[in-house]
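Reviewing the structure listed below.
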Amino acid sequence: MLSYILKRVLATVPVMIIVAVFVFLLLRLTPGDPAAILAGDAATPAQLERIRDRLGLNDPLHIQFFTWVFQMLKGDLGTSLISNTDVGGMIVSRLGPTINIALMTIVISVALAVPMGVIAAWRHRTWVDFAVMSFSVLGFSIPVFVIGYIFIQIFAIELRWFPVQGYTAPSAGLWDFFSQAILPSLTLATIYVALIARMTRASMLEVLGEDYIRTARAKGVRENVVLFRHALRNAAVPILTIIGTGFALLISGVVVTESVFNIPGIGRLTVDAILARDYPVIQAMILLTAGIYVLVNLIIDVSYSFFDPRIRY
Amino acid sequence: MADMQDSRRSAFQTMTGLLSLPRGARLGAGPTIAAFLLVVIVAASLLAPLYVPYDPLTMDAMARLSPASAEHWLGTDQYGRDTFSRVMYGGRVSLLIGVGASLVSVAIGLCIGLIAGFFRKLDGPIMRVMDSLMAIPAILLAIALVALNGPSLGSVIIAITIPEVPRVVRLVRSVVLSAREEPYVEAATALGSSMPKILIQHLMPNTLAPLIVQGTYICASAILIEAILSFLGAGVSTEIPTWGNIMAEGRNYFQIKPGLIFWPGLLLSLCILSINLLGDTARDLLDPRMKKREG
């Protein structure tokens, strides 16, 4: 088990190195000059040259790459070209809203989607199944921001239950936090629920046809125990996998949702940085999100054996 | 050359399998409605220049943000441009992006996937690069590519394509890996068929069915991603209306005129919905094993 975990951790190293090279080249080989952004429109060629020297942009590419990687490894994410502040600090200050919304989304999604998928599989080919599947196809087909605006229109403008936009930290007022975070979380959850419910249903359908389910029913085990203990546990591995791969979906959803609801999180930070060509922030954010994606999938891979004892490494 | 005829026939059968239903099978109401909807949306978009009442770019300062009326069926936007005409014209470009992105990513993914699946030495390195590309969130990668290459139609298609390629590569590779072990490939190698010939004539036909399914899904997701890119400010420039950038421009006037987001949003969602439903149907028809699993 331990050697498997170690092997799995080591396997992430080349992936992260290639991501780093890719991000670095993406920003260096496309048109656009960070020095020009920093210097502004009125800069003379001599000033530009001095700034290039200071940023190390005149060094050969491989030197620039290694300088950057070593800085990152030391924990120095660089300085923003636009706000001239420390990138690490910027990210930390914007992390709170994103994490809170994402956690709320995952809780809502799993709480809704897993029972939906289980019931759809249990009542296979009935109107319940049809309704769940229709919802899940619909969830994939409407852009996240349109869902966001529909929610705003219904729940904030027509019914006035929640505020239209904005964000309050939980520490500044728990009630305000919930009333403002509920719409963005529901928006984000729509696509995630669609994804997880679909996978839960498919995975459960396969398991419900197994002999041990018939045996359990035959010996008089209560139906909800059959469903949630016998079947769901055995159907868990594909569901977990989809929660992991769907994590990338969550990240892109966060980016859009933060724009719709005007939430000062890292999604908005990244988009603003990309549009303003704030290179150090873009590099750090893409590496960070890729790192989180790899980490989440690593944890999920390792947790398989917990849910399915047949999997031993 | 019996093996060659065999693979020809299987490719032919796959082709006809797409056009005709297996004996005894019936299309449900869902796919029929989806196909009908899609045909209507595609036709309405392609023929837009023939019937829309206004030029999608003509501004009218006297009719800014006007409500729906007999003159402007869906009202006008903040520049007085006719929303109905813009939405119908927008469909042309959004559909072009969807079809373009799916064709390009399938073509690139097919080439790389065939190579990765067939040459054992290249498999490892290629798949590590693909894993890395998949680790970068598609939307961030796409916005970065558009922001750095400029808001042209081509650059948006490329930006949507690049994150999709690894998924196609994985699919093609897995099909090739299992097909490679088949006796007919061994026979072709023994008979001295050249490498490109084995790849194209014997292995490629196997990938056709899954690629058609994957291609429809990519088309749907490309239309969706275009909308998201526009919304985030990294889409096609607004002289070319797309469903995405009409909605993006409508953002600031959402409280006054929600229709600027809802109408293009509705058409886009219906379009993606029918493409996805048809993709599911194609998958069930082409791959009975998947059908069993999905129920």
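Here are some residues: B:GLY80, B:GLY91, B:GLY124, B:GLY117. Which one is under 20 Å from the mean Cα position of the chain (by Cα) and either on the phi > 0 side of the Ramachandran plot or in a helix (DSSP H, G or I) (or both)?
Every option except B:GLY91 fails the conditions.
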Checklist outcome for this item: Sole miss for A:VAL225 among (1) farther than 30 Å from A:PHE145 by Cα; (2) at pLDDT 85 or above; (3) in contact with a helix residue (DSSP H, G or I) (Cβ under 7 Å, 6 or more places away or on another chain) is condition (3)
Item to check | Selection status of A:LEU27, out of contact with any helix residue (DSSP H, G or I) (no Cβ under 9 Å at 6 or more places or on another chain), in a helix (DSSP H, G or I) and within 14 Å of another protein chain (Cβ to nearest Cβ) | outcome: no
Checklist outcome for this item: Within the stretch B:101-142, the residues that are farther than 28 Å from B:VAL185 by Cα and in contact (Cβ under 8 Å) with a residue 60 or more places away in the chain are B:ALA101, B:SER102, B:ALA138, B:ILE139, B:ALA142
Next on the checklist: Being open to solvent by less than 20 Å² (accessible area, probe 1.4 Å) and within 20 Å of B:ALA227 (Cβ to Cβ) narrows it down to one residue among A:VAL226, A:VAL255; which is it?
Outcome noted: A:VAL255
Checklist entry - Does the stretch A:10-24 contain any residue that is at pLDDT 80 or above and closer than 30 Å to A:PHE261 by Cα? => result yes
Checklist outcome for this item: Those residues of the stretch B:261-286 that are modelled with pLDDT under 85 and either within 11 Å of another protein chain (Cβ to nearest Cβ) or under 30 Å from A:ARG160 (Cα atoms) (or both) come to a total of 1
Checklist entry - Restricting attention to the stretch B:212-234, does a residue exist that is surrounded by fewer than 20 Cβ atoms within 10 Å (Cβ to Cβ), more than 8 Å from chain A (Cβ to nearest Cβ) and either in contact with a Lys or Arg (Cβ under 8 Å, 6 or more places away or on another chain) or among the aliphatic types (A, V, I, L, M) (or both)? => result yes
Checklist entry - Among the listed residues B:ALA61, B:ALA68, which satisfies the condition of being small (Gly, Ala, Ser), open to solvent by 50 Å² or more (accessible area, probe 1.4 Å), closer than 22 Å to B:PRO258 by Cα and at pLDDT 75 or above? => result B:ALA68
Checklist entry - Does any residue of the stretch A:213-222 turn out to be touching a residue at least 60 places away in the same chain (Cβ under 8 Å) and open to solvent by 20 Å² or more (accessible area, probe 1.4 Å)? => result no
Item to check | In the stretch B:188-237, the residues that are among the small types (Gly, Ala, Ser) and assigned to a helix (DSSP H, G or I) | outcome: B:ALA188, B:ALA190, B:ALA209, B:GLY215, B:ALA220, B:SER221, B:ALA222, B:ALA227, B:SER230
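So if I check each of A:ILE119, A:ILE154, A:ILE191, A:ILE142, which one is more than 9 Å from chain B (Cβ to nearest Cβ) and either in contact with a Pro (Cβ under 8 Å, 6 or more places away or on another chain) or in contact (Cβ under 8 Å) with a residue 40 or more places away in the chain (or both)?
Residue meeting the stated conditions: A:ILE191.
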Checklist entry - Does the stretch B:97-121 hold any residues that are farther than 15 Å from B:VAL176 by Cβ and among the β-branched types (Val, Ile, Thr), and which are they? => result B:ILE97, B:VAL99, B:VAL104, B:ILE108
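The values are calculated or read from the model by the stated rules, or taken from the named source; none is laboratory data. What you are looking at is a predicted structure, and each value in this text was computed from that prediction instead of being measured. Don't worry about glycine lacking a Cβ; one is built from the backbone with ideal geometry, like all the others, and counts go over all protein chains shown. Quick note on the areas: whole protein, heavy atoms, side chains included, nothing else; ligands and nucleic acids left out. Shrake-Rupley method; radii C 1.70, N 1.55, O 1.52, S 1.80 Å.
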